[in-house]
Ligand SMILES: Cc1cc2nc3c(=O)[nH]c(=O)nc-3n(C[C@H](O)[C@H](O)[C@H](O)COP(=O)(O)OP(=O)(O)OC[C@H]3O[C@@H](n4cnc5c(N)ncnc54)[C@H](O)[C@@H]3O)c2cc1C
C-alpha cells in the first residue's frame with residue numbers, strides 16, 4: 001500500500017503531535033505525523049519529568065492546575081509503565097515560604113487537589129535528605145513521567161491504529177490555493193529528496209517552532225519561547241518530588257528520575273529555539289537553590305545540564321514566570337484547513353491531542369468523540385503486548401523479560417519498536 005494523501009498531516013512529533021495523531025487515528029482518520037528529526041527531540045524529550053499534580057499552578061493559573069490534576073490521573077491509568085507514583089512534597093525552608101502555606105492550601109482546596117499536611121519530623125523520617133530546618137511540609141500527588149517511554153508508546157499505539165510516523169521529515173513549505181493549503185512541502189532528510197503531500201487538514205504541533213511553521217503562510221502567533229535549564233546529579237536523593245513552597249520561581253523543583261536527581265529550572269525568553277546556551281551561572285544557581293531544599297545535593301556530582309524551550313502563550317506585560325501554563329488551540333480563518341496549538345505542558349499533552357482532534361473532526365464533518373482517556377497505550381503491559389505482535393522484533397524484545405535487564409529493557413524494546421514503525425511508515429509512503 002502506498003499512502004499519498006492522508007486526511008490529516010500533523011507537523012511535529014512531541015507529546016502534543018503524538019497524542020493528536022493517536023486521537024485522530026482512533027476516530028478513523030488516516031493521519032501522517034511528520035517530525036523533522038526524531039520523535040521527542042524537541043521540548044518533550046528535554047523537560048523536567050514532572051507529571052504535575054496541578055499544585056504548582058494553584059495560585060497563578062487555576063485552570064491549568066485543574067487540567068494537570070485530571071491528566072495526572074489519566075496518564076497514570078493509560079501508561080502505568082511510563083509513570084512512577086512518587087508523590088511530592090512542598091517544603092517551606094524559610095519565613096517567606098511559610099507565608100505562602102495558607103494561600104497554597106486554599107488554592108489546593110479551591111481546585112480540589114488531594115493534599116496532606118505533614119509534620120516536619122515525619123517528613124524528615126520519610127525523606128532524610130530534606131533540609132533539617134524545614135518549617136512546613138504539604139504532600140501532593142505529583143508523579144514522575146519517563147518522557148520517551150510515554151512518547152514512544154503513543155507513537156506505536158497510533159501506528160497500530162493506522163497512522164504513519166515519519167522521522168527525518170521537515171516541513172519547509174505550505175502552498176496555498178484559494179482559501180486553503182493544498183500542498184505540504186517536505187524535506188526528506190533521510191533520502192535527501194523533496195516530497196509533496198496533499199492532506200485535507202494540517203495540524204501544527206511544532207512546539208517552540210510553531211511560529212516558524214505558521215509563518216510559511218504569513219501567520220503570526222503570539223508565542224513567548226522560554227528556555228529552561230535542568231541539572232542532572234548522579235544519585236537519587238529523595239523518594240518523592242521535592243518542590244519549594246512558594247509562587248512558581250526558578251530552581252524550585254528537585255525530581256528523582258530513575259537513579260538520578262534532576263534540579264530545575266530557569267525561565268528566559270529566547271529568539272531562536274535552536275540556539276541555546278547553558279552558562280556556569282545557570283548550573284551554580286540551580287545547585288544553590290536545590291540545596292536549600294536538599295542540602296545533600298552539595299555532596300553529589302553533577303553529571304550534565306540540558307535545556308529546552310517552552311512554547312508559552314505571549315501575554316502583554318507578563319513575564320515568563322507569570323505567563324499562563326494553559327494552552328490555546330487556534331483554528332485559523334485563512335488558510336481554512338490549518339489548526340495549531342501553543343502553550344501547554346507535557347502533562348496535558350493528551351488533552352491537547354483530544355482538543356485538536358475535536359477541532360479537526362468538526363472540520364471533516366465527523367461527530368466521533370475522543371477515546372484516548374480510556375485507551376491503554378502499547379507497552380502498558382509491555383511483555384504481553386510484545387508477545388501479540390506480528391513482528392520479528394517480538395522475540396528479541398521479549399527476551400528482556402526474566403533477564404537482568406528486564407526493567408531497563410522497557411526503554412530498549414520501545415526504541416526498537418519505534419524504529420520499526422518509522423521504517424514501515426516510510427515504506428507505506430513509498431519513501432524508503
Ligand atoms: C525547561 C522545561 C521544563 C519542563 N518541564 C516540564 C515538566 O516537568 N512537566 C510538564 O508537564 N511539562 C514540562 N515542560 C513543558 C513541556 O515540555 C512542553 O509544554 C511540551 O513538551 C511541549 O510539547 P510539544 O509537542 O508542543 O513540543 P515539542 O516537544 O517541542 O515538539 C515539537 C516538535 O516539532 C518538531 N518540528 C519543529 N519544526 C518542524 C518542521 N518544520 N517540520 C517537522 N517537525 C518540526 C520538533 O523537532 C519537535 O520534535 C517543560 C518545558 C521546559 C522548557
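Throughout, read-outs are computed from the coordinates displayed, never taken from laboratory work. Since this is a predicted model, take the numbers as computed values, not measurements. A quick note on method: Cβ atoms are made from the backbone with ideal geometry, for glycine too, and the neighbour counts reach across all protein chains shown.
Some observations on this one:
- Unique match (being away from the ligand (no atom under 13 Å from the Cβ) and more than 30 Å from residue 87 (Cα to Cα)) among 23, 7: 7
- With respect to the stated conditions, residue 154 is closer than 30 Å to residue 114 by Cβ, within 14 Å of the ligand (Cβ to nearest atom) and not in a loop (DSSP other than H, G, I, E, B).
- For the condition more than 13 Å from the ligand (Cβ to nearest atom) and within 15 Å of the chain's Cα centre (by Cα), residue 79 qualifies.
- Candidate set: the stretch 98-123, residues that are touching a residue at least 60 places away in the same chain (Cβ under 8 Å) and part of a helix (DSSP H, G or I); chosen: the one farthest from residue 134 (Cα to Cα): 104
- Complete set of residues in the stretch 191-214 that are touching a residue at least 40 places away in the same chain (Cβ under 8 Å) and within 7 Å of the ligand (Cβ to nearest atom): 205, 206, 207, 208, 209, 213
- Hits in the stretch 114-173 - residues which are out of contact with any strand residue (DSSP E or B) (no Cβ under 6 Å at 6 or more places or on another chain), surrounded by fewer than 20 Cβ atoms within 10 Å (Cβ to Cβ) and farther than 26 Å from residue 386 by Cβ: 114, 119, 121, 122, 124, 125, 126, 128, 132, 133
- Among the residues making up the stretch 48-63, those that are within 12 Å of the ligand (Cβ to nearest atom) and part of a helix (DSSP H, G or I) are 56, 57.
- Test set (1) touching a residue at least 60 places away in the same chain (Cβ under 8 Å); (2) surrounded by fewer than 21 Cβ atoms within 10 Å (Cβ to Cβ) - residue 33 fails condition number: (2)
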